[in-house]
1. Can you tell me what the convex hull of the Cα atoms of the chain projects to on average, as an area in nm²?
2. Neighbouring Cβ atoms within 10 Å as the yardstick, rank 120, 30, 53, 97 fewest first.
3. Can you give the alpha-carbon Rg of segment 91-159 over 2.2 N^0.38 Å, where N counts its residues?
4. Can you give the helix-only mean residue ellipticity at 222 nm for the chain, where every DSSP H stretch with n ≥ 4 adds -39500 (n - 2.57) and the sum goes over all residues, rounded to the nearest 500 deg cm²/dmol?
5. To the nearest 10 degrees, how steeply does helix 51-60 sit against the main Cα axis of the chain, on a 0 to 90 scale?
6. So which trypsin sites (Lys or Arg not before Pro) in segment 53-156 pass both tests, a DSSP loop state and at most 13 other Cβ atoms within 10 Å of the Cβ?
7. Which is farthest toward the positive dipole end of segment 2-204 among 103, 116, 10, measuring Cα position about the Cα centre, with Cβ charges +1 (Lys, Arg) and -1 (Asp, Glu)?
8. Only counting other Cβ atoms within 10 Å, I'd like 1, 72, 34 sorted with the fewest neighbours first.
Amino acid sequence: MRTYALITPPAAVLDHLRAAIAEVAPSVGDLPWMHPDGWNCRVAGFGNLGLEDTTLVMNTLEKIGTYCPPLMLQLAGAEARPADDSAEELAVGVQGDVQGLKSLAGAIPSMVQPQGLFLDRRNFRSVVTVAQGAREPFSATSALAALGGYLGPEWTATEMRLVRLVPGRVDDPAGGHYEDMVRYQFSAPPEPVEATTYAGASAER
C-alpha cells in the first residue's frame, strides 16, 4: 500500500478549520472537499511498499523523533495548484516553524535512501490539502478569496505519523483513508535542527 509520513493538526485545530470551510462552502461552488480525516501536512511519500520495505522504513525512522523538537505551527491562508481557475488541489497553508518542518522533510530521504529506498519526487510543501479533484480540475478562485485570510489557532506538533493509505471508492477525493502504523514522538530540545544533523545521526546507527 502507499505509505506516507504525516503531521496531523489536533482536533481543536481541525474543528476550527472545519467551521471556517462550512461557513464559506455554500458560496464557493461545488468543490471536491476532502473528509477532515484526510487533512494532514504530508512530510514524505514512499509510494507502494511491500511488507519488507515497510518494516525497513519503520525501523530506519525509529529514532527520528529524538532529533526533532516539537514544532509551533498555525494554519493560515490558502493556495491552489496548478492554477486558481483549473485546480487539482486546494490547500490551507502552514506557517510558524516551517524551517523545522523542512528540516524534518529533508532528513527522511537522508535516512532511507542509504537503505535502498526512495521517495516520490514532489518537493515538500507546508500545506494541508482540503479539496482535491479525483478526475477533473475545478475552479478554486472563489474559495481562495474566501479562505485567503484564514488564520487558525496555534498548536504544537509533537509527533509524526507513518501511515498507509487504504484504498476507498473510485470517486473518493481522498482515495481512501489513512491507517496508522507507528507514531514518532518529537523529543529533541526546542532549537533549530538541520537536515544534516538527522543524516549524521542516521549514519551513526
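No value in this document is a laboratory result; all are computed from the given coordinates. Keep in mind the model is a prediction, meaning the values are calculated, not measured. Reconstructed Cβ throughout: ideal geometry from the backbone, glycine too, with neighbour counts over all protein chains shown.
1. Spelled out: convex hull of the Cα atoms, projected over all directions, averaged, 11.0 nm².
2. The most exposed by this proxy come first: 30, 120, 53, 97.
3. In units of the 2.2 N^0.38 Å rule of thumb, it is 1.43.
4. It lands at -8500 deg cm²/dmol.
5. For helix 51-60, the angle is close to 70 degrees.
6. Numbers: sites: 63, 102, 121, 122, 125, 135; in loops: 63, 121, 122, 125, 135.
Sparse-neighbourhood loop trypsin sites (Lys or Arg not before Pro): 121, 122, 135.
7. In segment 2-204, that residue is 116.
8. 72, 1, 34
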